[in-house]
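I have placed the structure first, in the form of structure tokens, so that the comments after it can refer back to it.
The values are calculated or read from the model by the stated rules, or taken from the named source; none is laboratory data. Quick caveat: nothing in here was measured; it's all calculated off a predicted structure. Because the Cβ atoms are built from the backbone with ideal geometry, glycine has one as well, and the counts that use them run over all protein chains shown. Accessible surface is based on the protein model in full, side chains and every heavy atom, while ligands, DNA and RNA are left aside. Shrake-Rupley method; radii C 1.70, N 1.55, O 1.52, S 1.80 Å.
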Amino acid sequence: MGQGSHSRMYRGVDTEQRRAERRERLLEAALDEFTTRGYHKTKIADLCARAGVSTRNFYEKFASKEALLLELHAHINTEAMKRMLPVLDSLVDAEPLTRITTLLDAFVAAVTSDPRYPRLNYVEAPGISQAMELQHRDWFTRYTDFIEAECNRVAEAGLAPKRDYHLTAIALVGAVTGILREWQAHQPPLPVDAVASEIRAVFLASITRPA
């Protein structure tokens, strides 16, 4: 293989790596700017300057500022779900109420690992556009379906009344959203342990209440 082939190969690898790094820098810049300056006040030029990329580089990666927001929103929710799935696998035979509280702790740990996550998810993203609302709705449905299935598991074990838990699941997603919105906005910061404890208590009280 000639010298020219070697240099082309290395340039190719270098270019791919640099493209991936630019993408990551843009995502990080957007997460920071959207949750401090605010989505509407952030301009693409701000993001490019913060990430050290050109406007041309930006449009190679993302069609618009909204596309960046959509990706960040999906990433945060996917990471939270990824944190819960291994826990779910380890709790197949666990007592159903213990299973729910352990899963909740995993979710809260994921979403509070960075205060910018609930800020972006529950403050900046809602209502931005039809595409964002559809994506938000999709994740909302995933969470409510997930919680409803866990509620039914508790009821089947005789630890809660057998009833329709669909509206309960919707109410619980709303409660978690409200608590996490307050957590990210509160000064001084609320202790994460207190947030996790309150979410567990709300879930247990709602699921086990008399029919």
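Checked against (1) more than 19 Å from the chain's Cα centre (by Cα); (2) among the aromatic types (Phe, Trp, Tyr); (3) under 19 Å from Tyr39 (Cα atoms), Tyr165 passes all but condition (3).
Among the residues in the range 76-84, are any modelled with pLDDT of 95 or more, touching a helix residue (DSSP H, G or I) at 6+ places or on another chain (Cβ under 8 Å) and closer than 20 Å to Pro118 by Cβ? Even if it seems obvious, please write down each step before you answer.
Let us first name the residues in the range 76-84 that are modelled with pLDDT of 95 or more, namely none.
The answer is no, given that none of the residues of the range 76-84 is modelled with pLDDT of 95 or more, touching a helix residue (DSSP H, G or I) at 6+ places or on another chain (Cβ under 8 Å) and closer than 20 Å to Pro118 by Cβ.
Here Phe34 meets each of (1) surrounded by 19 or more Cβ atoms within 10 Å (Cβ to Cβ); (2) over 21 Å from the mean Cα position of the chain (by Cα) with one exception, condition (2). Candidates in the range 132-168 are the residues that are of a type in the set (D, E, K, R) and under 21 Å from Met84 (Cα atoms); of these, the one that is surrounded by the most Cβ atoms within 10 Å (Cβ to Cβ) is Glu150.
Kindly evaluate Leu180 against the criterion of being assigned to a loop (DSSP other than H, G, I, E, B), surrounded by 15 or more Cβ atoms within 10 Å (Cβ to Cβ) and of a type outside the set (Gly, Ala, Ser). Walk me through how you get there before you give the answer.
On the way: assigned to a loop (DSSP other than H, G, I, E, B): no; surrounded by 15 or more Cβ atoms within 10 Å (Cβ to Cβ): yes; of a type outside the set (Gly, Ala, Ser): yes.
When the stated conditions are applied, Leu180 does not pass them.
Give the number of residues within the range 89-125 that are outside any helix (DSSP H, G or I) and either open to solvent by 50 Å² or more (accessible area, probe 1.4 Å) or on the phi > 0 side of the Ramachandran plot (or both). Before you say what the answer is, go through the steps one by one.
Pass one, the range 89-125, residues outside any helix (DSSP H, G or I): 91-95, 112-115, 125.
If we keep only those that are either open to solvent by 50 Å² or more (accessible area, probe 1.4 Å) or on the phi > 0 side of the Ramachandran plot (or both) as well, we get 92-93, 95, 113, 115.
Result for the range 89-125: 5.
Within the range 46-78, the residues that satisfy the criterion of being free of Cβ contacts under 8 Å to residues at least 40 places away in the same chain, open to solvent by 70 Å² or more (accessible area, probe 1.4 Å) and out of contact with any Asp or Glu (no Cβ under 8 Å at 6 or more places or on another chain) are Ala49, Thr55, Arg56, Tyr59, Ala63. Close Cβ contacts (under 9 Å, 6 or more residues apart or on different chains) running from residues in the range 120-147 that are more than 19 Å from Gly178 (Cβ to Cβ) to residues that are among the acidic types (Asp, Glu) comprise Ile128/Glu66; Ser129/Glu66; Ala131/Glu66; Met132/Glu66.
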